[in-house]
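Comments concern the structure below.
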Amino acid sequence: MQNELHIALIQSNLVWENPIQNRLNFSKKIDSISESIDVILLPEMFTTGFTMNASEVAETMQGETVKWMRAVAEKKDAALVGSIVISEDDKFYNRLLFVRPDGNISTYDKRHTFTLAGEDKVFKAGHKKLIVDYKGWRFCPLICYDLRFPVWARNVENYDVLFYVANWPKLRISAWDNLLKARAIENMSYCIGVNRVGIDAGNYEYSGNTAAYDVIGKKITNIALGKEQIEIVKLDKAHINKYREKLQFLNDKDDFNLKV
């Protein structure tokens, strides 16, 4: 088990519905990281932007982006994480992939599809929460709109890190900032949100606001707004243990059964 974990947060612009160019852009960004890292986090739909044209851009789990993710994870000896549009069994999914350096992949299909944009009419919602064990740490990966639903994120699995990959527009960015902090505090876990920047084909602007918070809600990153940037954040297991043992708030959490 590693007591410290180094995670690269990549806040980037995205080229609309152009997986080839986005993979090239992210390859350059990832290659520029000289530090030793354990995990690399990319935004939601990092090969296309938040598109509803699933039939035009969808890939399979044997497609080029999955092959690329495996190659990058092996090359950097780090887990690579982000969501892409996946076609499977004649359905489309906004699927997060947690790709380990050995090529093993864990997946999470977005539970809360964004009805305001019609995502629910194009993509099938997931029904299974994912907890990833990696290097002695437990991760709970979620996607964008999931952030608004605290019951789904509730820390009943004793995870260490909750994170969201997103295309969250500037128009509602104050909710993003406040909810990320709240998820950290209420779950007594690190909470990380990786968001894109730039303007998409629908003329929606994204300011990024990529951030990480510790278990008491303190912001531990300093990423510029509206700009492409990579920041390496260090997580410390001792920090989690210290405050959970001292405060013991999770011991008082409510028991419940979630219908999915």
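The values are calculated or read from the model by the stated rules, or taken from the named source; none is laboratory data. A quick note: this is a predicted structure, and the numbers were derived from the prediction, not measured. Glycine gets a Cβ as well: all are built from the backbone with ideal geometry, and neighbour counts include every protein chain shown.
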Identify the single condition in (1) farther than 27 Å from Arg172 by Cα; (2) part of a loop (DSSP other than H, G, I, E, B) that Thr107 does not satisfy, given that it satisfies every other one. (2)
Restricting to segment 154-207, give me the number of residues that are assigned to a strand (DSSP E or B) and touching a strand residue (DSSP E or B) at 6+ places or on another chain (Cβ under 6 Å). 17
The condition of being at pLDDT 95 or above, of a type outside the set (A, V, I, L, M, F, W, C) and either buried (at least 23 other Cβ atoms within 10 Å of the Cβ) or touching a Ser or Thr at 6+ places or on another chain (Cβ under 6 Å) (or both) holds, among Asn18, Asn13, Asn53, Asn22, only for Asn22
Just checking, which of Tyr213, Tyr204 is of a type in the set (Ser, Thr, Tyr), more than 19 Å from Phe163 (Cα to Cα) and modelled with pLDDT of 95 or more? Tyr204
Can you confirm whether Ala224 is farther than 25 Å from Leu80 by Cβ and either surrounded by fewer than 23 Cβ atoms within 10 Å (Cβ to Cβ) or charged (D, E, K, R) (or both)? no
Cβ contacts < 9 Å: first residue over 21 Å from Val57 (Cα atoms) and aliphatic (A, V, I, L, M), restricted to segment 72-86; second residue at pLDDT below 95 and in a strand (DSSP E or B), any location; separation 6+ or different chain. Result? none
Could you please find all residues in segment 125-153 being of a type in the set (D, E, K, R), part of a helix (DSSP H, G or I) and surrounded by fewer than 16 Cβ atoms within 10 Å (Cβ to Cβ)? Arg148
Can you work out which of the residues in segment 65-85 that are assigned to a helix (DSSP H, G or I) and touching a helix residue (DSSP H, G or I) at 6+ places or on another chain (Cβ under 7 Å) is surrounded by the most Cβ atoms within 10 Å (Cβ to Cβ)? Thr65
Does segment 101-108 include one or more residues that are touching a residue at least 12 places away in the same chain (Cβ under 8 Å) and surrounded by 22 or more Cβ atoms within 10 Å (Cβ to Cβ)? yes
Pair list, Cβ under 7 Å, 6 or more apart: segment 31-59 residue within 25 Å of Trp168 (Cα to Cα) and in contact (Cβ under 8 Å) with a residue 12 or more places away in the chain, other residue outside any loop (DSSP other than H, G, I, E, B) and of a type in the set (Lys, Arg): Ile40/Lys76; Thr47/Arg23
So is Ala125 among the small types (Gly, Ala, Ser), farther than 19 Å from Ala58 by Cβ and at pLDDT 95 or above or not? no
Need the failing condition index for Tyr204 against (1) under 16 Å from the mean Cα position of the chain (by Cα); (2) at negative phi, just the number. (1)
Taking the conditions exactly as written (assigned to a loop (DSSP other than H, G, I, E, B) and either within 25 Å of Ile220 (Cα to Cα) or in contact with a Leu (Cβ under 7 Å, 6 or more places away or on another chain) (or both)), does Glu35 satisfy them or not? yes
Do you know which residues across segment 178-197 are surrounded by fewer than 22 Cβ atoms within 10 Å (Cβ to Cβ) and either under 15 Å from the mean Cα position of the chain (by Cα) or among the basic types (Lys, Arg) (or both)? Leu179, Lys181
Given the structure, is Asp160 among the acidic types (Asp, Glu) and surrounded by 15 or more Cβ atoms within 10 Å (Cβ to Cβ)? yes
The residue from Ile131, Ile143 that alone is touching a residue at least 60 places away in the same chain (Cβ under 8 Å), farther than 19 Å from Trp68 by Cβ and touching a Lys or Arg at 6+ places or on another chain (Cβ under 7 Å) is Ile143
Please work out which one of (1) under 17 Å from Met45 (Cα atoms); (2) surrounded by fewer than 16 Cβ atoms within 10 Å (Cβ to Cβ) is the condition Asp90 fails and give its number. (1)
